[in-house]
Amino acid sequence: YDLHNLTMVAEVRAGLNTRNLAVSNDGRWVLVGNYLPGNLVLLDARDLSLVKHIPAVGLDGTPSRVSAVYTAPPRDSFVVALKDVKEAWELSYAGEPDFEPRRIEAADFLDDFSFTPDYRHLLATSRKAHGGQVIDLDTRKAVTDIPLPGMPHLGSGIYWKRGGEWVFATPNVSKGLISVLDMRSWKLIKEIPTEGPGFFMRSHEHSKYAWTDVFFGPNNDAVHLIDKQTLEVAHTLRPMPGKNAAHVEFTKDGKHLLLSVWDTDGALIVYDSDTLEEIKRIPMNKPSGKYNVGNKIEFAEGTSH
């Protein structure tokens, strides 16, 4: 889509069941990950023409679904998680790339992941153990397990500085809690109780709060605002009581945020991020994710990537 004149300029069918895609930080390549067929599809970002099919096959010959694809800008590479073999892949697009996967050993089957701020490590969800693992992209090995209960949604986790040190927080799709980790020792700092399991989490470098939903269960109309320094729930909002409050996204300057109420009679609600005053309510049928272009292409703090 052309974001200036809001028209579609290219379209391609990349798979039968597509998981997600990533765009290289130079804007040259698009890598698409599929559940069905289990493969990666490399496209030219200029016109979406096919460049290469890459079958998702483990070192032992086992075929796999692709569970996540992201770009790592400082590394000039894509990083891929495989769902059915204990591997992650890194595919470089620096220079004249051949897009041959560089295999990385994982401790368990992978679901989704987030990068550390320096892009050296992955914080990945272990699909079968229902915990997490830290994977070193340089040594190509798993470093340690992260003892997290339930099913953490590490792909929606975010990081920020607390007392001068980086911390990482993740929602949990099966437990009513937020897990906060020290990113130096990988130890659990705190579990913050919530009113139910959550799916999405967001913040901004200029916001003192991390926003997280209660996506599942009877209290899914609640949104918790966690103080990033005290790690306590500072506020709980119910934008439309009885209706599912979901994904939030900040504007580039962090002054406002948009919240989705995921209902047929839902809305997109704009808040002042400091005063928490509702600025505008736009009626909408099941609005879902919203993504600020500036936050995404600059890989801003508080945005999962």
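The values are calculated or read from the model by the stated rules, or taken from the named source; none is laboratory data. Computed from a predicted model, the values in this text were never measured in an experiment. Cβ sites come from the backbone with ideal geometry, for glycine too, and all protein chains shown count toward neighbours.
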*Within segment 50-87, can you find the residues that are in contact (Cβ under 8 Å) with a residue 12 or more places away in the chain and part of a loop (DSSP other than H, G, I, E, B)?*
ALA56, GLY58, LEU59, ASP60, THR62, SER64, ARG65, ASP76, LYS83, ASP84, VAL85, LYS86
*Collect the residues in segment 207-248 that are of a type in the set (Ser, Thr, Tyr) and either in contact (Cβ under 8 Å) with a residue 24 or more places away in the chain or surrounded by 14 or more Cβ atoms within 10 Å (Cβ to Cβ) (or both), keeping them in residue-number order.*
SER207, TYR209, THR212, THR236
_Exactly one of these conditions fails for TRP186: (1) assigned to a strand (DSSP E or B); (2) surrounded by fewer than 21 Cβ atoms within 10 Å (Cβ to Cβ). Give me its number._
(1)
*Does LYS280 satisfy the condition of being farther than 30 Å from PRO73 by Cα, over 17 Å from the mean Cα position of the chain (by Cα) and outside any strand (DSSP E or B)?*
no
_Residue count for segment 152-166, restricted to those that are surrounded by fewer than 20 Cβ atoms within 10 Å (Cβ to Cβ) and free of Cβ contacts under 8 Å to residues at least 40 places away in the same chain_ = 3
*Matching entry among LEU36, LEU16, LEU59, LEU6 (being on the phi > 0 side of the Ramachandran plot and surrounded by fewer than 15 Cβ atoms within 10 Å (Cβ to Cβ))*: LEU6
*In segment 1-22, what residues are of a type in the set (A, V, I, L, M, F, W, C), touching a strand residue (DSSP E or B) at 6+ places or on another chain (Cβ under 6 Å) and assigned to a loop (DSSP other than H, G, I, E, B)?*
VAL9, ALA14, LEU16
_All positions within segment 267-277 that are assigned to a loop (DSSP other than H, G, I, E, B), touching a strand residue (DSSP E or B) at 6+ places or on another chain (Cβ under 9 Å) and either free of Cβ contacts under 8 Å to residues at least 24 places away in the same chain or aliphatic (A, V, I, L, M) (or both)_ = LEU276, GLU277
*Given the structure, is LYS86 closer than 21 Å to VAL134 by Cβ and over 17 Å from the mean Cα position of the chain (by Cα)?*
yes
*Residue satisfying condition, being at pLDDT 95 or above, of a type outside the set (S, T, N, Q) and part of a strand (DSSP E or B), within set HIS224, HIS247*: HIS224
*Quick one: in segment 62-109, of everything that is of a type in the set (Asp, Glu) and more than 19 Å from VAL143 (Cα to Cα), which residue is surrounded by the most Cβ atoms within 10 Å (Cβ to Cβ)?*
ASP84
*asked:* Given the criteria of a type outside the set (Lys, Arg) and either buried (at least 21 other Cβ atoms within 10 Å of the Cβ) or touching a helix residue (DSSP H, G or I) at 6+ places or on another chain (Cβ under 7 Å) (or both), does SER49 qualify?
replied: no
*Of the residues that sit in segment 23-39 and are under 19 Å from the mean Cα position of the chain (by Cα) and either part of a loop (DSSP other than H, G, I, E, B) or of a type in the set (A, V, I, L, M, F, W, C) (or both), which one is farthest from ALA81 (Cα to Cα)?*
ASN25
*asked:* Suppose the filter is surrounded by 13 or more Cβ atoms within 10 Å (Cβ to Cβ), on the phi < 0 side of the Ramachandran plot, assigned to a loop (DSSP other than H, G, I, E, B) and out of contact with any Ser or Thr (no Cβ under 9 Å at 6 or more places or on another chain); does ASP263 pass it?
replied: yes
*Restricting segment 168-179 to residues that are crowded, with 19+ Cβ neighbours inside 10 Å and under 16 Å from the mean Cα position of the chain (by Cα), which is farthest from ALA246 (Cα to Cα)?*
PHE168
_Can you name every one of the strands (runs of 3 or more DSSP E) wholly within segment 92-170 that holds 1 or more residues which are over 22 Å from GLY198 (Cβ atoms) and of a type in the set (Ser, Thr, Tyr)?_
141-146
